[in-house]
Amino acid sequence: MSQVGTSDNPLRVAIIGAGPTGFYTAEHLFKRKDLVIEIDMFDRLPTPFGLVRAGVAPDHQKIKSVTNVFTRTANNPRFRFYGNVELGRDLSLQDFKDHYHLIVFCTGAQTDRPLDVPGAELQGNHPATEFVAWYNGHPDFRDCEFDLTQEKVAVIGVGNVAIDVARILCLTPNELAQTDIADYAMEALSNSAVKEVYILGRRGPAQAAFTTPEVKELGELEDADVIVLPEEAQLDPLSEAALTASADRGTARKVEILQGYAENEPTGKSRQLTLRFLVSPVELYGDEDGHVTGMRLVKNELYATDAGSLRPRATDEFENLEAGLVFRSIGYRGVPLPEVPFNESWGVILNNEGRVIDPDTKKPVSGLYTAGWIKRGPSGVIGTNKPDALETVNHMLDDLAAGNILDPVEPSADAAAQMVALAQPDYFTFADWENLDTQEVAKGETQGRPRVKFTSLEEMLQAVGKRQAETSV
């Protein structure tokens, strides 16, 4: 094999997954000015940016501005985007090996961890991920149905996603109308009958995973009072001691905000959002039609493990909580990719610092890498993926220097483009995305909104001229 990474023989890299990690990976690679690198990025959706588009809350536009950085990466002349192209559906792993020296999987954590209690099968118990994808206009979830005629909703979990779900359920039509939430979701939520929302955490306020800005924002809702039970806002002695010893100002501020909410009296707003702590659902129960109507909660207490962490354990105190709609947000898992080693128990690709590992030999698989949540599990915020991607990229470049890369039969951009066009003629380029983006933003401007999203593949194909719009006779 002749030297790879020169103008005559560029290093060809495929990145599968066009979320933040995929773009951070590309950014790190392009910083190597001593190498000529060509990057093709693939995503199963026509649109790039992953959870920034389909996961970040529609009222958090500032967070979404990170896409400006990703767009600069995409404008590199040695970058190509292939949207609506899926590994396993359109292309095989061998197809990638035939065209690239290095392949990086950045597909995130696409599904949720199940709630393992009696009654979990009842109608009205949903993964929070589905609700988030629905209100954000993800094409795969636009037809989901959630019973918003219910007045009481429980959200299990106290991470940022749980907070987002609860907040979106409490927004007024006026608040919703200033966001880029999907039109169908705005209509449904504007007509929602929800009056009470409960966020349920199994540990105490000091262990809650949500960030300070997220919990502070709850106090700024136009028409929802935030309630925290005073006895649950008070830290137990173990949490108090741990917080004092850690001097963690961020956690201290979160606790301070929650204790402030506990001192508030309801002001008569039309909705109530209650944060509960040290409770766990042990059973969901329902009506004769199989629809959830509530849950049994056990009160927890914290204890210190041998390692020093604080864990919850059940007491003998129980209570019932009425809820006709339940969202579970208790953790996320990656989805296995065809022919890629996967650790089922952890929900991640089997890897060592980003190098994919063969389960039989326990050695790295030449040319295969991973980064982001599918590499390490769902932790951190968007920016956490940047150093994670750098770790993987460093190993990729070390392996390149050692000659430990794939030997593709057709390592050229044109050959890859022909392969994609044959396998999926309806692929989207980055220029197609920019066309969609311009149309969405323009439509949003007429309504005083950030954008109005296309939410189906057919709409997107028509918008960029890959399909003829149906005409009525």
Taking only the stretch 420-435 into account, find how many residues are in contact (Cβ under 8 Å) with a residue 12 or more places away in the chain and either in a loop (DSSP other than H, G, I, E, B) or closer than 13 Å to Glu86 by Cα (or both). 7
Quick one: which helices (runs of 4 or more DSSP H) lie wholly within the stretch 87-172 and hold at least 1 residues that are under 30 Å from Arg296 (Cα atoms)? 128-135, 160-170
Would you confirm whether any residue within the stretch 215-229 is over 29 Å from Leu278 (Cβ atoms) and surrounded by fewer than 18 Cβ atoms within 10 Å (Cβ to Cβ)? yes
Filter the stretch 175-214 for residues that are among the polar types (S, T, N, Q), open to solvent by 10 Å² or more (accessible area, probe 1.4 Å) and in contact with a Leu (Cβ under 9 Å, 6 or more places away or on another chain); the one that is nearest to Leu273 (Cα to Cα) is Ser192
Qualifying positions in the stretch 265-302 - hydroxyl-bearing (Ser, Thr, Tyr) and touching a Lys or Arg at 6+ places or on another chain (Cβ under 6 Å): Ser280
If we scan the stretch 242-263, do we find a residue that is closer than 22 Å to Phe131 by Cα and in contact with a strand residue (DSSP E or B) (Cβ under 8 Å, 6 or more places away or on another chain)? no
Condition broken by Asp116, with the remaining ones in (1) surrounded by fewer than 18 Cβ atoms within 10 Å (Cβ to Cβ); (2) modelled with pLDDT under 95; (3) in contact with a strand residue (DSSP E or B) (Cβ under 8 Å, 6 or more places away or on another chain) satisfied: (3)
Mind telling me which of the residues Gly137, Gly108 ends up being in contact with a Leu (Cβ under 8 Å, 6 or more places away or on another chain) and crowded, with 20+ Cβ neighbours inside 10 Å? Gly108
Would it be correct to say that Ser246 is modelled with pLDDT of 95 or more and hydroxyl-bearing (Ser, Thr, Tyr)? no
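A quick yes/no check of all residues on (1) in contact (Cβ under 8 Å) with a residue 24 or more places away in the chain; (2) closer than 28 Å to Asp407 by Cα:
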residue	(1), (2)
Pro336	no, yes
Phe342	no, yes
Arg355	yes, yes
Lys362	no, yes
Lys375	yes, yes
Ser379	no, no
Do we have any residue at all in the stretch 88-100 that's of a type in the set (A, V, I, L, M), in contact (Cβ under 8 Å) with a residue 40 or more places away in the chain and in contact with a Lys or Arg (Cβ under 7 Å, 6 or more places away or on another chain)? no
By residue number, the members of the stretch 232-259 that are in a helix (DSSP H, G or I) and touching a residue at least 40 places away in the same chain (Cβ under 8 Å) are Glu232, Ala233, Leu238, Ser239, Ala242, Thr251, Arg253, Lys254, Val255, Ile257, Leu258, Gln259
Taking the criterion of being within 24 Å of Pro48 (Cα to Cα) and at pLDDT 95 or above, would at least one residue in the stretch 193-206 satisfy it? no
For the stretch 296-330, which residues satisfy the criterion of being hydrophobic (A, V, I, L, M, F, W, C), open to solvent by 50 Å² or more (accessible area, probe 1.4 Å) and either touching a residue at least 12 places away in the same chain (Cβ under 8 Å) or in contact with a His (Cβ under 6 Å, 6 or more places away or on another chain) (or both)? Ala304, Ala314, Phe318, Ile330
Can you confirm whether Glu214 is under 24 Å from Arg328 (Cα atoms) and assigned to a helix (DSSP H, G or I)? yes
For the stretch 399-411, indicate whether the set of residues that are small (Gly, Ala, Ser) and more than 26 Å from His28 (Cα to Cα) is non-empty. no
From the list Thr370, Thr384, which residue is within 30 Å of Ile63 (Cα to Cα), at pLDDT below 95 and either among the acidic types (Asp, Glu) or surrounded by 13 or more Cβ atoms within 10 Å (Cβ to Cβ) (or both)? Thr384
Residue by residue through the stretch 374-407, note down the ones that are part of a loop (DSSP other than H, G, I, E, B), under 30 Å from Val158 (Cβ atoms) and among the β-branched types (Val, Ile, Thr). Val381
Being within 30 Å of Leu350 (Cα to Cα), open to solvent by 20 Å² or more (accessible area, probe 1.4 Å), touching an Asp or Glu at 6+ places or on another chain (Cβ under 9 Å) and in a loop (DSSP other than H, G, I, E, B) is the requirement here; does Glu410 meet it? yes
Please state which one of Arg355, Arg376 is of a type outside the set (Asp, Glu) and open to solvent by 60 Å² or more (accessible area, probe 1.4 Å). Arg376
Residues to consider are Val473, Val393, Val441, Val420; find the one that is hydrophobic (A, V, I, L, M, F, W, C), more than 29 Å from Ile37 (Cβ to Cβ) and at pLDDT 95 or above. Val441
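The values are calculated or read from the model by the stated rules, or taken from the named source; none is laboratory data. A quick note: this is a predicted structure, and the numbers were derived from the prediction, not measured. A quick note on method: Cβ atoms are made from the backbone with ideal geometry, for glycine too, and the neighbour counts reach across all protein chains shown. Note: areas computed on protein heavy atoms with side chains; ligands, DNA, RNA excluded. Shrake-Rupley method; radii C 1.70, N 1.55, O 1.52, S 1.80 Å.
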